[in-house]
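The values are calculated or read from the model by the stated rules, or taken from the named source; none is laboratory data. Predicted, not measured: the structure shown is a model, and the values here were computed from it. With ideal geometry, Cβ positions are generated from the backbone for all residues, glycine too; neighbour counts draw on all protein chains shown. Please note that ligands, DNA and RNA were not included when accessible areas were found on the heavy atoms of the full protein model with its side chains. Shrake-Rupley method; radii C 1.70, N 1.55, O 1.52, S 1.80 Å.
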Amino acid sequence: MPTIIDRYLLRQFVQVLFICVMSFIGLFIVIDAFTNLDHFAEFAEKHGGSLLSVMSKYYAFHSVGLFDRTSGVLTLIALMFTITWIQRHQEMTALLAAGISRVRVLRPVLIAAIGMSLLGAANREFLIPNIREQLSNNSKNLAGEQESTMQSRFDSQTDILLGGEKIVAATRTIVNPSFVLPREFDQFGRQLTAREARYLPAKDDQPSGYLLSGVIAPKALLKSPPLLQGEKEILLTPVGSNWLQADQVFVVSGVSFEFLAAGATWRDFASTHEMIQQLRSPSTDLGADVRVAIHSRFLRPFLDTTLLFLGLPFVVTRTNRNPFIAIGLCLGVVTVFMITELGCQSLGSGGWLPAPLAAWLPLILSAPVAAAMVDSLHQ
């Protein structure tokens, strides 16, 4: 059962962490809101909502994303402040004089800090993937209704290059799509262009793919039977598909619209399960950066815990109890650790290191150092 001092330390830690998180989020909101206030006002006037409700909804979603990026560092800062506080008021000295070890005193806040790391992992895996559309929208495109630049994607299963001028996230459409067909499908032309393409998910016996409306070229394709890859229909035409209109073509593809629309930021909002699924999908040929990201997701709680134990001894064993010095030490430790982690990830993404080694190397380098530094807490 937690003792009075355990509950006292937990209360201090939670209070400091709450202040740190709210201060950081508040600073972000103030700076961003004043910069983009005109966009919020224009959106509220256009859609008939109040300015406050529009801004509240926007920043509520983006605060979740901000927490995901900063939870590890803010937890370390809160832990530093909590320990420095009890040392500055000689409470640590009194507990040590009573025969209680440092490790026992710090146990509740360490457990809480590890719990925050697990909470961050849960937020990353379950909450962020469900609000990815809101996180992808910026203040200039709050509803996702505006056209944004599209990044072409290659379907490795069908060898079709999916491209277009613009993409509209809200309606899951591609404006002026331009699909480059492989040799086995270019009997009527290599470029398949249309007015619009809409993504249709798999349904019943119909595979997922893109419905092209207002086909511009090649026109002869509209009068052709469906084009096959082996025994599988890839390009469905009005001939043999009664659900298609006279100017429509359906292109079967395993490249999801979320993957196509997110571009380079796709893996930032995807869960580990989704990344593994896309990695196994024959339609998507993902680079080494995604493999590194998958390994890093599994190691994130361990890396956050290692970062805690790297910074903790600097505060606990110092004679100077100035909290600003504790923050300076915290920032120094975080900087070195982040540089090491980002450097290893860059080497892995560039192919200089195998993906598993690139993800594990920061932990391999820092864990022994953290273990040696934590040993000083027993002295």
task: Among the numbered conditions (1) closer than 16 Å to LEU236 by Cα; (2) of a type outside the set (Asp, Glu); (3) buried (at least 22 other Cβ atoms within 10 Å of the Cβ), tell me where PRO177 comes up short.
output: (1)
Among the residues listed as ILE128, ILE174, the single one being of a type in the set (Val, Ile, Thr), under 26 Å from the mean Cα position of the chain (by Cα), more than 30 Å from ILE77 (Cα to Cα) and not in a loop (DSSP other than H, G, I, E, B): ILE174
message: Against the definition (modelled with pLDDT under 85, in contact with a helix residue (DSSP H, G or I) (Cβ under 9 Å, 6 or more places away or on another chain) and open to solvent by 60 Å² or more (accessible area, probe 1.4 Å)), how does THR93 come out, yes or no?
response: yes
query: Name the helices (runs of 4 or more DSSP H) wholly within region 245-297 that hold at least 2 residues that are buried (at least 18 other Cβ atoms within 10 Å of the Cβ) and over 12 Å from the mean Cα position of the chain (by Cα)?
result: 257-262
message: When you check ILE77 against the structure, is it crowded, with 17+ Cβ neighbours inside 10 Å, within 29 Å of the chain's Cα centre (by Cα), under 22 Å from GLY328 (Cα atoms) and not hydroxyl-bearing (Ser, Thr, Tyr), yes or no?
response: yes
query: Can you name every residue in region 36-48 that is over 20 Å from SER136 (Cβ atoms) and surrounded by 13 or more Cβ atoms within 10 Å (Cβ to Cβ)?
result: LEU37, ALA41, ALA44
task: May I ask you to list the residues in region 221-243 that are in contact (Cβ under 8 Å) with a residue 12 or more places away in the chain and part of a loop (DSSP other than H, G, I, E, B)?
output: SER224, PRO225, PRO226, THR237, PRO238, VAL239, GLY240, SER241
statement: Scanning region 186-197 residue by residue, the ones that are touching a residue at least 24 places away in the same chain (Cβ under 8 Å) and in contact with a helix residue (DSSP H, G or I) (Cβ under 9 Å, 6 or more places away or on another chain) total 4
message: Please determine whether any residue of region 10-32 is not small (Gly, Ala, Ser) and not in a helix (DSSP H, G or I).
response: no
- prompt: When you look at LEU66, is it assigned to a helix (DSSP H, G or I), modelled with pLDDT of 90 or more and of a type outside the set (Gly, Ala, Ser), yes or no?
  reply: yes
statement: Taking region 101-124 and keeping residues touching a residue at least 24 places away in the same chain (Cβ under 8 Å), open to solvent by less than 50 Å² (accessible area, probe 1.4 Å) and aliphatic (A, V, I, L, M) leaves VAL105, LEU106, VAL109, LEU110, ALA112, ALA113, MET116, ALA121
- request: State yes or no: is THR84 assigned to a helix (DSSP H, G or I), touching a residue at least 12 places away in the same chain (Cβ under 8 Å), in contact with a Lys or Arg (Cβ under 8 Å, 6 or more places away or on another chain) and more than 21 Å from ARG267 (Cα to Cα)?
  value: yes
message: Being part of a helix (DSSP H, G or I), open to solvent by 30 Å² or more (accessible area, probe 1.4 Å), within 17 Å of GLN12 (Cβ to Cβ) and not hydroxyl-bearing (Ser, Thr, Tyr): is that true of PHE61 here?
response: no
